[in-house]
Amino acid sequence: MQILPILSSLRRHRLTAVLLVLQVAFTCAIVCNVVFLVAQRVQRVSVATGIAENELSVIHSSGYTARENAQARHATDLAVLRAMSGVRSVAAVSWSLPLSQSDDSYGVCPDDASRKQAMARRSADGTSCVQPSMYDGTEGLIGTLGLRLIAGRDFTSDDYVVGSAHKPAVAVITRALAQRLYPGKDPLGQSMYLGDAVIRVVGVVDTLLRPNLRTPAVDGYSVVWPQKPDGRTVTYVLRSAPQDRARLLREGRQALLAASPNRLVNPDRMEPYTDMRARFFQRDTTMIGLLVAAGLGLLFVTALGIAGLANFWVQQRTRSIGIRRAIGATRGDILRYFQTENFLIVGAGIVLGMALAFGLNAVLMTHYEVSRLPLFYLPIGALALWLLGQLAVLGPALRASAVPPVVATRSV
């Protein structure tokens with residue numbers, strides 16, 4: 001297939017060819033960025049929390065009388081919930097759970113020098129200190145959440161303190177936080193400085209996500225410490241088989257109200273943990289749907305434009321097609337002609353679209369929290385558009401190649 005005759009023909013249809021090139025270019029620029037944004041959102045909503053999500057249920061309790069002892073009430077509630085059929089384990093937390101959007105965080109430092117430096121600056125910036133999320137709870141919290149302990153030990157009953165007025169002497173941290181605070185060192189036995197308190201690391205869990213996501217670099221910075229909640233508002237976390245969660249939520253509410261009728265157990269604050277996760281990522285999943293719909297719609301419109309222009313050119317070139325068939329061109333030659341022509345037009349649009357894709361990405365980076373577009377998205381977008389162009393032009397090209405030479409020449 002000679003390229004020069006195709007280019008000569010395109011020069012005679014310069015305006016339509018340029019318009020199609022621009023359409024392909026804008027489609028390439030937008031689709032590359034849409035695919036990148038969708039990939040980022042999918043990565044965000046797929047992030048692992050580190051807990052046994054499908055086995056957890058959450059019940060929020062509040063409002064029992066001030067005369068009741070909080071610790072006694074929590075102990076009674078835990079015993080009542082633990083006695084229900086199907087409950088594997090249960091623990092009470094103050095409020096924080098991964099993706100719960102209720103974040104309790106403190107600044108921690110790996111050594112006393114960093115602590116003093118952070119205090120002098122009144123900021124952890126430029127120091128070794130970080131601000132992880134703190135998770136408290138009653139005994140059995142690590143097992144109830146399903147955290148995977150990769151080093152060290154779980155808490156013992158002697159490790160627990162009551163209420164926020166007291167700081168525990170030990171803590172379990174995540175692998176990400178251990179690598180940040182103690183790079184190249186064994187984190188077990190190391191000290192964390194939290195204000196005037198010194199806390200010893202006794203265990204490391206693989207992953208535990210924060211209640212609020214910030215950036216992937218710090219989303220895994222979490223600390224679990226043996227601090228029992230002491231307020232009248234508490235959240236009970238139940239672990240069970242996934243199919244038992246709905247039943248246990250209903251029975252758990254009834255059991256808690258029977259144990260203390262004056263409390264408030266709001267049905268709207270009872271849910272499987274998976275519902276909490278879905279609610280946290282609701283905006284992201286909606287955005288994914290909108291972006292996918294927009295990208296597919298744009299590709300469909302581009303395909304229609306390519307097919308429509310190809311049909312128009314087939315009608316305009318009926319005589320020339322017949323002449324070529326009469327002098328020996330095969331159906332395959334005609335088919336390859338239109339496919340090559342489309343390949344060149346789409347290719348020109350892709351080259352321009354790649355430059356526009358980076359420009360659009362730069363605008364998004366300036367006004368929104370978007371990362372730089374990786375280069376490998378460009379060949380993926382180019383391949384998709386070339387394939388789309390070949391499929392869109394295939395029908396008109398087949399119809400052109402099927403025109404008999406005699407009919408083509410008589411149609412003038």
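The values are calculated or read from the model by the stated rules, or taken from the named source; none is laboratory data. All of these numbers come straight from a predicted model, not from anything done at the bench. Glycine gets a Cβ as well: all are built from the backbone with ideal geometry, and neighbour counts include every protein chain shown. Please note that ligands, DNA and RNA were not included when accessible areas were found on the heavy atoms of the full protein model with its side chains. Shrake-Rupley method; radii C 1.70, N 1.55, O 1.52, S 1.80 Å.
The trypsin sites (Lys or Arg not before Pro) of segment 38-145 that DSSP puts in a loop, and whose beta carbon has at most 16 other beta carbons within 10 Å, are 67, 122. For the chain, the longest principal axis of the alpha carbon atoms and the long axis of helix 245-259 meet at an angle near 30°.
The long axis of helix 112-121 is offset from the longest Cα principal axis of the chain by roughly 70 degrees. On a C-alpha basis, how far is the centre of segment 296-358 from the centre of segment 203-282 in Å? Whole number, if you could? So the two Cα centres are separated by 58 Å.
Can you give the helix-only mean residue ellipticity at 222 nm for the chain, where every DSSP H stretch with n ≥ 4 adds -39500 (n - 2.57) and the sum goes over all residues, rounded to the nearest 500 deg cm²/dmol? Write down the numbers at each step before the final one.
Details: 13 runs with 212 residues, N = 412.
The helix-only estimate for the chain comes to -17000 deg cm²/dmol at 222 nm.
Taking 0.36 nm per residue of separation and subtracting the current Cα-Cα distance, fully stretching the chain between residue 165 and residue 259 would add 31.1 nm. Database remark: amide H of residue 162 closer than 5 angstrom to the amide H of 228 (H placed geometrically; neighbours at sequence offset of 5 or more, or on other chains; Pro and chain starts carry no H). The structure-derived value of log10 I(q)/I(0) by the Debye sum over Cα atoms at q = 0.09, 0.10 Å⁻¹ appears in the list (i) -0.53, -0.66; (ii) -0.59, -0.72; (iii) -0.71, -0.78 under the label (iii). Within segment 53-273, all pairs of alpha-carbon atoms sorted by distance into 10 Å bins from zero give the percentages 8, 33, 34, 18, 7, 0. Most simply put, the chain has about 75% antiparallel DSSP beta bridges, counting only bridges with both residues inside it. What do you get for the angle between helix 70-82 and the principal long axis of the chain? Use alpha-carbon atoms, 0 to 90 degrees, nearest ten. It works out to around 60 degrees. Under a Gaussian network description of the chain, with springs only between Cα atoms under 10 Å, the residue in 130, 223, 47 that fluctuates furthest is 47. Isolated cysteines of the chain, defined as having no other cysteine beta carbon under 4.7 Å away, are 28, 32. Within the full protein context, the accessible area of residue 185 is estimated at about 130 Å² for a probe radius of 1.4 Å. Sorted largest first by accessible area at a 1.4 angstrom probe radius, with every protein chain in place, the residues 286, 174 fall in the order 286, 174.
Surface exposure of segment 53-273, expressed per residue as accessible area with a 1.4 Å probe, stands at 44 Å². Solvent-accessible area assigned to carbon and sulfur over segment 53-273 amounts to 47 percent, based on a 1.4 Å probe. Note on residue 336 and residue 304: with the Förster distance fixed at 30 Å, the Cβ-Cβ geometry gives a FRET efficiency of about 0.85.
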